[in-house]
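Engineer: Structure incoming, see below.
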Amino acid sequence: METNHPKWRRNAGGALPLFCILLIPTLGGAQTIAGRWVTVDRVLDNGEKLISILELKQDGNQLTGTVKSESFSMDVHGTATGNQFELFGPRSATRPMITGDLANGELHGMVFGRREFTAKPATAADQIPEVKYIAPPPLHDVPSNGLAKTPPMGWNSWNLFAGKVDDATVRSIADAMVTSGMRDAGYIYVNIDDTWQGVRDANGVLQPNHKFPDMKALADYVHSKGLKLGIYSGPGPRTCAGYPGSYGHEEQDAKTYAAWGIDYLKYDWCSAATIYKNSELQPVYQKMGAALEATGRPIVYSLCEYGMGHVETWGAKVGGNLWRTTGDINDSWQSMIGNVEKQVPTAPYAGPGHWNDPDMLEIGNGHMTDDEYRTHMSLWALVAAPLLAGNDIRNMSEATKAILLNKEVIAVDQDALGKQASPVKNGDMETWVKPLADGSVAVGVVNMGASAAQATVNASDLHLPGAVKSARDVWKHEDVRFTDGKYTAEVPSHGVLMLRVKAE
C-alpha cells in the first residue's frame with residue numbers, strides 16, 4: 001500500500017491505520033461528533049497492540065481535530081450530516097480519508113473506502129506513549145564506506161508482500177535470484193522491508209519476531225547463494241508499519257545488524273516526523289550513518305526521507321549511499337513517470353557511491369503494459385537509479401524476465417561514470433541522454449502520447465566528440481544505422497526507443 005503522505009505512508013499488510021473516531025451522547029440524547037475517541041488498529045506480529053486516538057471538535061456541521069498513533073500525527077477536518085460524517089487528511093482534499101455513521105453508540109466506517117473499522121469511547125487508559133525528545137548530534141561528515149560504486153541492484157519485499165514477508169519467503173526469493181539468472185545479471189541484494197521486528201529484550205536489544213526465528217541463520221543462507229541481505233528500520237520510535245524503530249537505540253541496532261551479517265539498511269523517516277522537524281533530517285540520518293560506520297561492517301546505507309530537505313545536497317555527508325528523492329511509487333504509469341521526473345533537479349548529485357533513488361521497480365506486478373515496463377526499466381537505467389525489483393521473481397513471465405534481465409540496459413544503469421540523464425521535451429516525445437564511461441552515450445526517447453508515433457534521434461543532440469560510428473537498439477538487441485545524422489523509428493504509446501551510440 002502506498003499513500004501520498006510520508007507521515008502515515010503505510011502499515012503492515014498494506015492497510016492504513018484505523019483512525020479512532022466515536023460519537024458520544026450529549027444533552028437530550030442527541031449525538032454529536034466531538035470528543036476523544038479510540039480504535040485498535042491491529043495486533044502486530046510481535047504481539048504489540050497499536051491504537052489510534054482522535055480528538056475532534058465540532059462547530060455546526062464542521063469538524064476539526066487531530067489523529068495520533070505511535071507512528072504518525074496529523075490534522076484532519078471534515079463535515080457531519082446527522083449521524084453520517086466524512087474526514088479529510090492534509091493530502092486528501094478531493095477524496096475523504098474516512099467515512100462513517102453512528103450505530104448503537106459506536107462509529108462504523110471505512111478508511112479510503114477499503115478498510116472497515118469500529119470505534120469505541122476513549123478512556124483515561126487509552127494513551128499514546130510519550131516519547132522523550134533526544135537531540136540529534138552536532139553535524140559532522142561521516143566517512144564514505146566505499147560501497148555502491150554503481151547503483152545497488154537487488155530485490156525488496158514490500159511492493160509484493162508488504163507485511164506478509166517471512167523467513168521462508170526470503171529464502172525462496174534467494175533461491176529464485178540464482179535460478180532465474182537475476183544474481184548473475186547483477187541483482188545481489190535481498191532486502192527485507194518493514195514488519196520483521198519483534199520487541200526489545202531487557203538490555204534493549206531488538207529481536208526479530210516469530211516470522212524470522214534466526215536472522216543470523218537467514219543471512220548465512222542468503223550469503224551462501226552469493227547474495228547479500230538487507231533490512232529495514234527508521235529513526236523514529238516506530239516504523240511506517242508501527243513496529244519498533246531505532247530511536248534512542250541507533251548504535252545498539254547497528255551492532256545487532258552487523259552481528260547478524262546484514263549488508264544493507266533502508267532507513268525510513270515515518271514516525272521521526274512526530275519528534276523531529278524537517279530541519280533536523282541531516283543530523284538524525286547522520287546518527288545512524290556514524291553508527292553503521294563504527295561497526296566496521298560494510299553496510300550500504302539507504303536513506304528513505306521522500307526527498308525532503310534537499311537530501312541530495314547532504315546525503316553523502318551522513319554516510320548515505322542512496323537516498324529517496326520522491327514519495328512512494330505504485331504500479332502505474334502516472335506514478336512511475338512522476339517519480340522519474342522528480343530526478344531532474346537532483347542530477348548533479350549522482351555519482352559513484354551516492355545515488356538518487358526514485359524508489360523500487362514495479363516491473364512484473366501486473367498493472368502496467370510491457371511497453372510501460374520497458375520504459376520504466378529504461379528510465380531507471382538512464383537516471384542511474386538503484387534497480388531493486390519488487391515483483392515475485394519465483395514466477396516471472398518471459399516478458400518480465402526479458403525486461404529485468406536485459407544486460408544491455410543494465411550496463412547503462414551500472415556504467416562506471418555514474419552520470420544521470422536529464423530530459424528534453426518535444427511535444428509528446430521526451431528524450432533523455434546519458435554520457436557513458438567509454439565515450440558513448442545512451443539515449444532514450446519516451447512516447448508520452450496516447451498513440452504510436454515516430455521518434456527521431458539527431459546525432460547533433462548527443463554531444464558526441466565526432467560523427468556516429470555505431471548505434472545499437474538495446475531492446476531489439478540489434479545494430480541500427482544513422483542516415484544523414486539521424487535515426488527514426490516508431491515508438492508505441494508509453495513506449496521507449498533506447499539506443500547506445502558511439503562516435504568515431
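Engineer: Scanning for something assigned to a loop (DSSP other than H, G, I, E, B) and modelled with pLDDT of 90 or more, does the stretch 97-120 turn up at least one residue?
Structural biologist: no
Engineer: Would you mind stating whether residue 351 is closer than 23 Å to residue 305 by Cα and at pLDDT 95 or above?
Structural biologist: When the stated conditions are applied, residue 351 passes them.
Engineer: For the stretch 327-336, indicate whether the set of residues that are under 20 Å from residue 415 (Cβ atoms) and either within 17 Å of the chain's Cα centre (by Cα) or surrounded by fewer than 17 Cβ atoms within 10 Å (Cβ to Cβ) (or both) is non-empty.
Structural biologist: No, every residue in the stretch 327-336 fails to be under 20 Å from residue 415 (Cβ atoms) and either within 17 Å of the chain's Cα centre (by Cα) or surrounded by fewer than 17 Cβ atoms within 10 Å (Cβ to Cβ) (or both).
Engineer: Further question on the same structure: When both residues are 6+ apart or on different chains and their Cβ atoms are under 8 Å apart, which pairs have a first residue that lies in the stretch 276-299 and is surrounded by fewer than 17 Cβ atoms within 10 Å (Cβ to Cβ), and a second that is of a type in the set (A, V, I, L, M, F, W, C)?
Structural biologist: 278/308; 294/254; 295/254; 295/258; 296/258; 298/147
For (1) farther than 25 Å from residue 160 by Cβ; (2) modelled with pLDDT under 85; (3) outside any loop (DSSP other than H, G, I, E, B); (4) not small (Gly, Ala, Ser), each residue gets a yes or a no:
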position: 7; (1), (2), (3), (4): no, yes, yes, yes
position: 10; (1), (2), (3), (4): no, yes, no, yes
position: 13; (1), (2), (3), (4): no, yes, yes, no
position: 19; (1), (2), (3), (4): yes, yes, no, yes
position: 22; (1), (2), (3), (4): yes, yes, no, yes
position: 42; (1), (2), (3), (4): no, no, yes, yes
position: 51; (1), (2), (3), (4): yes, no, yes, yes
position: 55; (1), (2), (3), (4): yes, no, yes, yes
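Engineer: Out of (1) over 13 Å from residue 230 (Cα atoms); (2) of a type in the set (Asp, Glu); (3) in contact with a Gly (Cβ under 9 Å, 6 or more places away or on another chain), the odd one out for residue 193 is which?
Structural biologist: If we test residue 193 against (1) over 13 Å from residue 230 (Cα atoms); (2) of a type in the set (Asp, Glu); (3) in contact with a Gly (Cβ under 9 Å, 6 or more places away or on another chain), just (1) comes out false.
Engineer: Next question. So, in the stretch 489-504, exactly how many residues are part of a strand (DSSP E or B) and surrounded by 13 or more Cβ atoms within 10 Å (Cβ to Cβ)?
Structural biologist: Going through the stretch 489-504 one residue at a time, the tally reaches 10.
Engineer: Given the condition in contact with a Ser or Thr (Cβ under 7 Å, 6 or more places away or on another chain), in a loop (DSSP other than H, G, I, E, B) and at pLDDT 95 or above, answer yes or no: does some residue in the stretch 463-482 qualify?
Structural biologist: No, the stretch 463-482 contains no residue that is in contact with a Ser or Thr (Cβ under 7 Å, 6 or more places away or on another chain), in a loop (DSSP other than H, G, I, E, B) and at pLDDT 95 or above.
Engineer: Do we find that residue 254 is more than 29 Å from residue 138 (Cβ to Cβ), buried (at least 24 other Cβ atoms within 10 Å of the Cβ) and touching a residue at least 12 places away in the same chain (Cβ under 8 Å) in this structure?
Structural biologist: When the stated conditions are applied, residue 254 does not pass them.
Engineer: On to the next question. Given the conditions (1) in contact (Cβ under 8 Å) with a residue 60 or more places away in the chain; (2) among the aliphatic types (A, V, I, L, M); (3) outside any helix (DSSP H, G or I), which single one is not true for residue 265?
Structural biologist: For residue 265, the failing item is (1).
Engineer: Still on this structure: What do you reckon, is residue 375 assigned by TED's automatic domain parsing to the domain that holds residue 326 and of a type in the set (Val, Ile, Thr)?
Structural biologist: yes
Engineer: Also: Could you tell me which of the residues 222, 205 is outside the structural domain of residue 42 (by TED's automatic domain parsing), surrounded by fewer than 22 Cβ atoms within 10 Å (Cβ to Cβ), in contact with a helix residue (DSSP H, G or I) (Cβ under 7 Å, 6 or more places away or on another chain) and among the β-branched types (Val, Ile, Thr)?
Structural biologist: It is 205.
Engineer: In the stretch 53-83, which residues are among the small types (Gly, Ala, Ser), more than 24 Å from the chain's Cα centre (by Cα) and within 17 Å of residue 128 (Cβ to Cβ)? Can you show your working first?
Structural biologist: The initial filter retains those residues of the stretch 53-83 that are among the small types (Gly, Ala, Ser), namely 60, 65, 69, 71, 73, 78, 80, 82.
Adding the requirement that they be more than 24 Å from the chain's Cα centre (by Cα) leaves 60, 65, 78, 80, 82.
Within the stretch 53-83, 65 is the sole residue that qualifies.
Engineer: With the stretch 143-256 as the region, which strands (runs of 3 or more DSSP E) entirely inside it contain at least 3 residues that are within 16 Å of residue 292 (Cβ to Cβ)?
Structural biologist: 228-233
Engineer: Among the residues of the stretch 128-144, is any within 24 Å of residue 217 (Cα to Cα) and of a type in the set (Phe, Trp, Tyr)?
Structural biologist: So far as the stretch 128-144 goes, no, none of its residues is within 24 Å of residue 217 (Cα to Cα) and of a type in the set (Phe, Trp, Tyr).
Engineer: Further question on the same structure: Considering every residue within the stretch 407-422, establish whether at least one is under 29 Å from the mean Cα position of the chain (by Cα), in a strand (DSSP E or B), within 25 Å of residue 349 (Cβ to Cβ) and not hydrophobic (A, V, I, L, M, F, W, C).
Structural biologist: For the stretch 407-422, residues under 29 Å from the mean Cα position of the chain (by Cα), in a strand (DSSP E or B), within 25 Å of residue 349 (Cβ to Cβ) and not hydrophobic (A, V, I, L, M, F, W, C): present.
Engineer: Separate question: Say whether the condition of being hydrophobic (A, V, I, L, M, F, W, C), outside the structural domain of residue 340 (by TED's automatic domain parsing), touching a residue at least 60 places away in the same chain (Cβ under 8 Å) and surrounded by fewer than 18 Cβ atoms within 10 Å (Cβ to Cβ) is met by at least one residue in the stretch 450-471.
Structural biologist: Checking the stretch 450-471: not a single residue is hydrophobic (A, V, I, L, M, F, W, C), outside the structural domain of residue 340 (by TED's automatic domain parsing), touching a residue at least 60 places away in the same chain (Cβ under 8 Å) and surrounded by fewer than 18 Cβ atoms within 10 Å (Cβ to Cβ).
Engineer: Name the pairs whose Cβ atoms lie under 9 Å apart, with the first residue in the stretch 38-51 and within 12 Å of residue 71 (Cβ to Cβ) and in contact (Cβ under 8 Å) with a residue 12 or more places away in the chain, the second charged (D, E, K, R) and outside any strand (DSSP E or B), and 6 or more positions between them or separate chains?
Structural biologist: 50/70; 51/70; 51/126
Engineer: Assuming residue 264 fulfils every condition listed in (1) out of contact with any His (no Cβ under 7 Å at 6 or more places or on another chain); (2) more than 17 Å from residue 189 (Cα to Cα) apart from one, which condition is it?
Structural biologist: (2)
The values are calculated or read from the model by the stated rules, or taken from the named source; none is laboratory data. These numbers come from a predicted model, not from an experiment. Virtual Cβ from ideal backbone geometry, glycine too; neighbours counted across all protein chains shown.
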